Amino acid sequence: MTPTTLPEPSGRLSRGQRKARRIVFRTGIGMVLLLLLGPLLAGRPWNAPWWPGRTEVADVPDPCGVLAEPARRLLPGVTPVRDPWERVLVKQEVCEAKNDAVSLRLGYEQWQWGHLKSPQTGEVAARDRLQSLMDRAHGRSWDPVPGLGSEAYRDKSTVLVREANVIVRVSYSDTRTQPAGAVAEAEHIARAAVAAIRHR
């Protein structure tokens, strides 16, 4: 039996070799895309504030700027004090003015897109936070406030408002004023505070 002579290598790949190379190349590209896009998609980018159609608030104003006029009127001679802080997913700006008879406080909480542990919009986080604040106030009765923010509630001395991904909290107590007058003043300040918020 005469042994078969193999052809001399021509330097060109056979059809099967080319096909195998294409499969390996495409598989590699697919793996790289999966590694890159997997974490991004897991974070639900459509919930991010930069996604088209989102309505999150760009930034919150200085609460002491909003509180300046009411503080001059309600607490003459008292300078409001600002207390900002920031942690993961939330930025808070608080301003307070008080004396022995009057306490006036305005706070903003700006909730961010949660893209790691619990992917959600800042708006959903703010809605959950508002509900939590109301649930924690045991024994307090919250009445809806129509025409204020995305949703708003008040009790005898506090007004809570959600505007998109921001919580506005106004509290006002005055031993010289009837509770009805105090909550009306708190609502007035809350409306000014919401009007000062800037959307994207």
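The values are calculated or read from the model by the stated rules, or taken from the named source; none is laboratory data. What you see is a predicted model, and the numbers here were worked out from it, not measured in a lab. Counting neighbours? That spans all protein chains shown, and the Cβs are built from the backbone with ideal geometry, glycine included. Please note that ligands, DNA and RNA were not included when accessible areas were found on the heavy atoms of the full protein model with its side chains. Shrake-Rupley method; radii C 1.70, N 1.55, O 1.52, S 1.80 Å.
Residue by residue through segment 133-146, what is 3J(HN,Hα) from phi via Karplus (6.51 cos²θ - 1.76 cosθ + 1.60, θ = phi - 60°)? Round to whole Hz and write x for glycine and proline.
Those phi angles translate into 4, 6, 5, 6, 7, 4, x, 9, 9, 9, 9, x, 10, x Hz.
Please list, by residue number, every one of the trypsin sites (Lys or Arg not before Pro) in segment 57-132 that is coil in DSSP and has at most 12 other beta-carbon atoms within 10 Å.
K117
Could you provide, to the nearest whole Å², the per residue accessible area of segment 83-161 with probe 1.4 Å?
Details: 4260 Å² over 79 residues.
Result: 54 Å² per residue.
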